[in-house]
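Asker: Here's a structure for you.
All of the numbers you see were taken from the coordinates with simple rules; none came from a lab. Quantities reported herein were computed from a predicted structural model and do not represent experimental measurements. Ideal geometry is used to build each Cβ from the backbone, glycine not excepted, and the neighbour counts take in all protein chains shown.
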Amino acid sequence: MYKIPSYVVIDCGGVGYELLISVATYTELGEVGAEARLHVHTHVREDALQLFGFYEVTEKRLFEKLLTISGIGPKLAITVLSGINAERLVGAIRAGDHATLTKIPGIGKKTAERVVLELKDKLDDMAGFVPAGDARPSLGAVAEDVLSALVNLGYARPVARKAVEAAVKDASVAGDFERLFRAAMSAVR
């Protein structure tokens, strides 16, 4: 396996397959050369055959639901899943949170409205996701940035989240990225 944040090459019986991936899938994959299993969506057009890989089947299903929306193709759908984790995306869609959706690169106000309108009632079958009202509360913008930084450094998301949740309890570091990051790094070790 060879990987960079936008795609991975998986060796299957001596044949290398290039799969476009989200940042979330990239962070979950092991080291280069390690064995990997991905859920694959094959997108066929007149002029191209593209493979998209997902670490979690729920992320693949969400990707496929995004493709049903007029104006969202596979590249934008993978960009959306790279711009926000699947759990937060489902929560934002269910809550009709256009502001969160428009923060994702490539999603403007009209597209965000269309996503909410077309998918709000079609996400009940998303296994692994709790209803928006029952979701864990957001850590806040600074803490979410620290969580993202820890995940990008290679820490597993659950471990990183626990560390950030522990560090954010100290009100003196909660609003400052650098101080919160240092406190979370201490907690994760």
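Asker: Can you give the extra length, in nm with one decimal, that the chain gains between A34 and A95 once fully stretched, where that is 0.36 nm per residue apart less the Cα-Cα distance? Write down the numbers at each step before the final one.
Answerer: Values: separation 61, 0.36 × 61 = 21.96 nm, distance 3.86 nm.
Going from the current span to full extension adds 18.1 nm.
Asker: Further, regarding this structure: Take the chain, connect every pair of alpha-carbon atoms lying under 10 Å apart with a spring to form a Gaussian network, then pick out the residue of L20, L153, L89 with the largest mean-square fluctuation.
Answerer: Top of the fluctuation ranking is L153.
Asker: Under 1.5 on a/c is rounded, so check that first for the range 1-51, then, if it is not, pick prolate when a/b is larger than b/c and oblate when it is not; a ≥ b ≥ c are the square roots of the alpha carbon gyration tensor eigenvalues. Let's see the in-between values first.
Answerer: Numbers: a/c = 2.28, a/b = 1.45, b/c = 1.58.
Oblate, since a/c reaches 1.5 and b/c is not below a/b.
Asker: Let me ask something else. With equal scatterers on the alpha carbons only and no solvent term, can you work out the Debye log10 of I(q)/I(0) for the range 141-188 at 0.17 1/Å?
Answerer: Log-scaled intensity ratios, in q order: -0.35.
Asker: Report the rotationally averaged projected area of the chain based on its alpha-carbon convex hull, in square nanometres.
Answerer: Values: hull surface 47.7 nm².
The number I arrive at for the chain is 11.9 nm².
Asker: A further question on this structure: Quick one: the Cα spread of the range 1-103 along its three principal axes, in angstroms, biggest first?
Answerer: The Cα atoms of the range 1-103 stretch 46, 33, 19 Å along their principal axes.
Asker: Here is a further query. What 222 nm value per residue comes from the helices of the chain, counting each DSSP H run with n ≥ 4 as -39,500 (n - 2.57) and dividing by all residues, nearest 500 deg cm²/dmol? Don't jump to the answer; show the numbers that get you there.
Answerer: Values: 9 runs with 89 residues, N = 189.
For the chain, the value works out to -14000 deg cm²/dmol.
Asker: Size of the dipole of the range 141-188 about the Cα centre, Lys and Arg at +1 and Asp and Glu at -1 on the beta carbon, nothing else charged, in debye to 20?
Answerer: Details: 6 positive and 6 negative charges, 40 e Å.
Dipole size: approximately 200 debye.
Asker: In nm, to one decimal, how far is the modelled label at R45 from the one at R182, with both set 7 Å along Cα→Cβ?
Answerer: Result for the modelled spin labels: 4.8 nm.
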